[in-house]
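Here's the structure we're looking at; comments come further down.
The values are calculated or read from the model by the stated rules, or taken from the named source; none is laboratory data. Predicted model, so just to flag it, every value in this text is computed and none were measured. Heads up, the Cβs are rebuilt from the backbone with ideal geometry, glycines too, and the neighbour counts pull from every protein chain shown.
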Amino acid sequence: MTLDRIAELGIVGAGGAGFPTSVKLNTQVPQLLVNGAECEPLLHKDKELLMHHADDMLRGIRISMNLAGCTEAVIGIKNKYHGVMDAIQPKLPADVRIFPLPDSYPSGDEFVMVNDITKRIIPPGGLPKDVGCVVMNVETLMNIGLDKPVTHKYLTVAGAVADPITLSVPIGVTIGEVIEMAGGATVSDFGVLLGGAMMGTVAQSLDQPVTKTLGGIIVLPSDHSLIKRYKMPWAEIHQIGKSACDQCRFCTDLCPRYLLGHPIEPHAAMRALMFGTSNEQLVAATLYCCECNLCSLFSCPEDLDPKNVCVQGKPAAREQGLKFKGDPSEIETHPMKDYRRVSTKRLILKLGLDNFRNVGPLTKVDFKPSKVVLPLKQHTGAPAIAAVKVGDKVKVGDLIGKPAEKALGARIHASISGTVSAVNSSVTITA
Ligand code: SF4
Ligand code: SF4
């Protein structure tokens, strides 16, 4: 398989922002790291795919290793998943091995995982290739191994639903339909987190479509603290943050990027907010926040929101062209790094998710949607340009959108057979 073929299939990173995979693999590095950490609480999609679709993933690993010139692949799996490791181990060729990762958050953060496996530190603002690695998600590799256009998405549905499950659905079905496939919500008044409890977003409507990057749907009662937190407006975060931070530093002392030696100190960003002060290095430091939300949802004893204070600082840092000025070779991990890991169990308790079943078995669901809405932007880069018009008949896998010439982007394919009934920022197909 070639990089062009991967682009043709519309494959993008299935576990993050949807970076086009053909661009990511256009590199030459010695090591391929497979990110199977899946550290978001209650999500089970990658673990289930490792258990049930390892052969497809291993084909994807071999293709990716060939394309990126890798001599070794390492699959990062949480050390608690003994059954998964035992099932995969006999299938592994000599140049592919498993690395058991700690069951902590955020063990799936690229920078944290690269350091756990290789002991190398990606420099602030850098990429895994800076330390000789390319990092790929389990489902992305599986999509490469399948050698078919990306038309379906695996995801876990968890929280306040009757039957938490992991399933594959046509891209473009609504999240409301997917929640019904998990037996429906168990409460009448609920909110939905898309992507995860720690790094997700609140769904604006149950009609939002499933995209190529959605890995989890968490249903929670509307009065759950997480739903309230995610809905808090910036003006309120700002007001409370300005008056209530006691500068205890817990946010910094537990920050996974600070512990890697990166120049990010959320307590300092909070101090700047309180006193209305700012300096170049403080503003620049916010760029190195990975937005894991640990400081806001776990570390801060005052329930403040240092993560969003950091996020708000990023545009100014980018506008001013600020960058890390130190010598990356001098960066060292904090001596307490390994003792300050936040276990998933403690995180689930703190988030108030311990009342929900932490399971998500891969389940085949026979579902034939009457309509799908496929956004033309489901990936990093420019939106795709529609390649169909209203009235066109399409079959599953047909091309319906492609990137402009030389633009960074991804192809979009029909996920059901039917007739194109609308074309705007999305393509609607009616069965
Ligand atoms: S943990 Fe909370 S109170 Fe403590 S320094 Fe950080 S933002 Fe302030
Ligand atoms: S969200 Fe908070 S804990 Fe996470 S990297 Fe940013 S500052 Fe650190």
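Going residue by residue through the range 281-298, is there one that turns out to be more than 16 Å from ligand 2 (Cβ to nearest atom) and not in a loop (DSSP other than H, G, I, E, B)? Scanning the range 281-298 turns up no residue that is more than 16 Å from ligand 2 (Cβ to nearest atom) and not in a loop (DSSP other than H, G, I, E, B).
The set of residues in the range 194-217 being over 14 Å from the mean Cα position of the chain (by Cα) and not in a loop (DSSP other than H, G, I, E, B) consists of 202, 209. Somewhere in the range 172-189, is a residue assigned to a strand (DSSP E or B) and under 22 Å from the mean Cα position of the chain (by Cα)? Checked against the condition, which is being assigned to a strand (DSSP E or B) and under 22 Å from the mean Cα position of the chain (by Cα), the range 172-189 yields at least one hit. Scanning the range 119-129 for any residue that is touching a residue at least 12 places away in the same chain (Cβ under 8 Å) and closer than 28 Å to residue 362 by Cα turns up nothing. Mind checking whether some residue in the range 350-359 is surrounded by 13 or more Cβ atoms within 10 Å (Cβ to Cβ) and within 16 Å of ligand 2 (Cβ to nearest atom)? Yes: one or more hits. Determine, yes or no, whether residue 333 is within 28 Å of residue 122 (Cβ to Cβ), under 23 Å from the mean Cα position of the chain (by Cα) and not acidic (Asp, Glu). Answer is no for this residue. Any residue that is modelled with pLDDT of 85 or more and either among the acidic types (Asp, Glu) or within 16 Å of ligand 2 (Cβ to nearest atom) (or both) - is there at least one of those in the range 213-221? No. A search for C-beta distances below 6 Å between a residue of the range 239-267 that is over 14 Å from residue 309 (Cα atoms) and in the same structural domain as residue 119 (by TED's automatic domain parsing) and any residue that is charged (D, E, K, R) and at pLDDT 95 or above, counting only pairs 6+ apart in sequence or on different chains, returns nothing.
Do we have any residue at all in the range 142-154 that's more than 27 Å from residue 394 (Cβ to Cβ), touching an Asp or Glu at 6+ places or on another chain (Cβ under 9 Å) and either surrounded by fewer than 17 Cβ atoms within 10 Å (Cβ to Cβ) or outside the structural domain of residue 395 (by TED's automatic domain parsing) (or both)? Checking the range 142-154: not a single residue is more than 27 Å from residue 394 (Cβ to Cβ), touching an Asp or Glu at 6+ places or on another chain (Cβ under 9 Å) and either surrounded by fewer than 17 Cβ atoms within 10 Å (Cβ to Cβ) or outside the structural domain of residue 395 (by TED's automatic domain parsing) (or both). Only residues that are basic (Lys, Arg), in contact (Cβ under 8 Å) with a residue 60 or more places away in the chain and assigned to a helix (DSSP H, G or I) were counted in the range 320-350, giving 2. Does residue 60 satisfy the condition of being touching an Asp or Glu at 6+ places or on another chain (Cβ under 8 Å) and buried (at least 22 other Cβ atoms within 10 Å of the Cβ)? When the stated conditions are applied, residue 60 does not pass them.
Identify, by number, the condition in (1) exposed (fewer than 15 other Cβ atoms within 10 Å of the Cβ); (2) within 16 Å of ligand 1 (Cβ to nearest atom); (3) under 24 Å from residue 217 (Cβ atoms) that residue 301 doesn't meet. Every condition holds for residue 301 apart from (3).
In this structure, is residue 94 among the hydrophobic types (A, V, I, L, M, F, W, C), part of a helix (DSSP H, G or I), more than 22 Å from the chain's Cα centre (by Cα) and surrounded by fewer than 21 Cβ atoms within 10 Å (Cβ to Cβ)? Judged against the criteria, residue 94 is not a match. Taken over the range 15-46, residues that are of a type in the set (Lys, Arg) and either free of Cβ contacts under 8 Å to residues at least 60 places away in the same chain or more than 18 Å from residue 165 (Cα to Cα) (or both) amount to 1.
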